[in-house]
Amino acid sequence: MSNDIQKELRFEFGANWQSYLDHYLSPERVDQARQHLLSFIGREDLLGLRVLDIGSGSGIHSMAAFQAGAAEVVSFDYDADSVMATKRLHAMCQSPDNWRVMQGSVLDPEFMNSLGQFDLVYAWGVLHHTGSVWSAIDLASTCVKPGGLMYIALYDSDVSAESPEFWCRIKQRYTSSSVAVRRIYEAWYVARFVLHYNPFRLGHLLKQVREYKKNRGMDFYHDVKDWLGGWPMEYTRIYDVIPFLLARKMKLLRTKVGEANTEYLFSLQDVQQGLTQFQVLSLPQDLAWNVVSIREPEDLNALDQTRPVYVYGAGKGGQLVRTLLEYKGVNVTSFITTDQPGTHDGLKVLSLDQFIEAGDENAQVVIASTYFDAISLKLAERGITYFYNAYPYVMGHLN
């Protein structure tokens, strides 16, 4: 597939969201979207706030913000069908003057500047579909007022057992395929990644489909199509996103690693009043991580076998990584845990403070935990920015 064709390819996001509205929109789903939004930003409502919804898609989250009491909601999307979908919900709310819906591009500096600044800038799972993710993040951040919040979610390559190249090939093929071939891809995805080719997991699939609306009010099947067809697409990592926004005077309040997207909450300069539950992390604005992702066993060749290795995470993931390391001839010195220290499977378990106090300058840290985002931030606060993240390997071997 030529580069020109790749650039022209674009999944019909808006058509997918129009279908979602036709079949699955309900007050319960809007309520789920509202609860998810408010819970993540630590507020009970959006009273008095000016909210920008970038890439509004179906419009359900714009509606959720409006129903949460926002003083003004501005929604826009690049995709014309997505704009129409959002306008449908706008009309359902009696076309209020304090909720504007428009077509525009987050990559257009003139358009973004015309919008002004907002108390909350929201862009969930959209900026990586622009074809220029870093410009999109940068321009989105310019719309945050001092003291305002930026809530974004981005596909993270460290939350995938498969490589970014694997998924980008799938997305290009799906988007360029006929309807019949797309149905085959969808069946393959469910069989491989949900059922794990195990028919006895059918009950798990049915439960996931039934309860999927709890996931921001979304629908399982439409999200599968959105995932497989999400082209253009660029992966990011927390190790790039966080330093990028810290350098723009943002303060990190919260992260959450999800199934594919990592969610971020930033504040520009001072945190809004009433958000005292967030502890601003002590991260330098010039933070520079150097983190090696371990996805395949051969990726461990980057480790120096003559230096001590500490596995951060003493659970199933930690044991899995320890077994792999020892199979590769690397002796694990100790586990590190955020919880109680002690011993595990005959190996000493250190708290992070104990590990820091030991002051082993030759130590190599390998993260093997679902909470690699929080662990990475704890290490960064203590000046440790070079380590290994084996969570992609764990994802591929623990079902």
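The values are calculated or read from the model by the stated rules, or taken from the named source; none is laboratory data. What you are looking at is a predicted structure, and each value in this text was computed from that prediction instead of being measured. In this analysis, Cβ positions are derived from the backbone assuming ideal geometry, glycine residues included, and neighbour counts consider all displayed protein chains. Side chains are part of the model used for accessible areas, which takes the heavy atoms of the whole protein and leaves out ligands, DNA and RNA. Shrake-Rupley method; radii C 1.70, N 1.55, O 1.52, S 1.80 Å.
Listing for the model above:
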quantity	calculated
Helix-only [θ]222 nm of the chain, DSSP H runs n ≥ 4, -39500 (n - 2.57) each, per residue, nearest 500	-11500 deg cm²/dmol
Out-of-range pairs (alpha-carbon distance over 28 Å; input 171/256; 348/378; 87/249; 171/251; 87/213; 171/249)	87/249; 171/251; 171/249
Gained length - residue 10 relative to residue 215, 0.36 nm times residue gap less alpha-carbon distance	71.3 nm
Rg(Cα)/(2.2 N^0.38 Å) for region 1-151, N = residue count	1.02
The chain - accessible surface per residue (Å², probe 1.4 Å)	45 Å²
For region 313-332 versus region 66-95, the gap between their alpha-carbon centres in whole angstrom	50 Å
Hull shadow area, averaged, region 103-261 [alpha-carbon convex hull, nm²]	10.7 nm²
DSSP-defined beta bridges in region 37-175 - what % are antiparallel, rounded to 5	5 percent
Isotropic mean projected area of the C-alpha convex hull, region 322-399 (nm²)	5.6 nm²
Theoretical gain in end-to-end length, residue 108 to residue 163 [0.36 nm per residue, Cα-Cα removed]	16.8 nm
Peptides ranked, highest mean first, by Cβ atoms within 10 Å: ranges 75-86, 227-238, 354-365, 156-167	75-86, 227-238, 156-167, 354-365
Point-charge dipole on Cβ atoms (K/R +1, D/E -1) for region 98-194, about Cα centre, debye to 20	460 debye
Shape box of region 1-88 [Cα atoms, principal axes, largest first, Å]	49, 26, 21
Farthest positive-ward along the chain dipole, Cα basis, beta-carbon charges - from 305, 42, 26	26
Apportionment of accessible area to carbon and sulfur, region 114-203, percent (1.4 Å)	60 percent
Residue 134/residue 353 FRET efficiency (R0 41 Å; Cβ-Cβ; nearest 0.05)	0.70
Extension gain (nm, one decimal) between residue 288 and residue 98, 0.36 nm per residue minus Cα-Cα	64.3 nm
With every protein chain in place, region 13-100: carbon and sulfur % of accessible area (1.4 Å)	49 percent
Per-q log10 I(q)/I(0), the chain, q = 0.08, 0.11, 0.13 Å⁻¹ (Debye; single scatterer per alpha-carbon; no solvent)	-0.46, -0.87, -1.18
Placed amide H near residue 75: partners under 5 Å, 5+ positions off or other chain	53, 100, 101, 102
Mean-position separation - Cα centroids, region 26-42 and region 147-193, in angstrom	24 Å
As computed over region 170-293, the Cα convex hull volume per residue (Å³)	165 Å³
Debye equation applied to the C-alpha atoms of region 283-343, log10 I(q)/I(0) at 0.14, 0.20, 0.22 Å⁻¹	-0.48, -0.86, -0.97
Förster-model FRET efficiency, 41 Å R0, residue 385 and residue 205, C-beta, rounded to 0.05	0.50
Distance in nm between pseudo-label sites at residue 187 and residue 306 (7 Å out along the Cβ direction from Cα)	5.6 nm
Unit charges at the beta carbon, dipole of the chain: most positive-side option, 176, 57, 188	188
Value of relative contact order over the chain, rounded to a whole percent, pairs C-alpha under 8 Å and six or more apart	15 percent
Radius of gyration, Dmax [region 197-262; alpha carbons; angstrom]	16.4, 50
Given charges at Cβ of Lys, Arg, Asp, Glu: the chain dipole, positive-most of 217, 233, 253	217
For the chain, size of Cβ-based charge dipole, Lys and Arg +1, Asp and Glu -1, in debye	760 debye
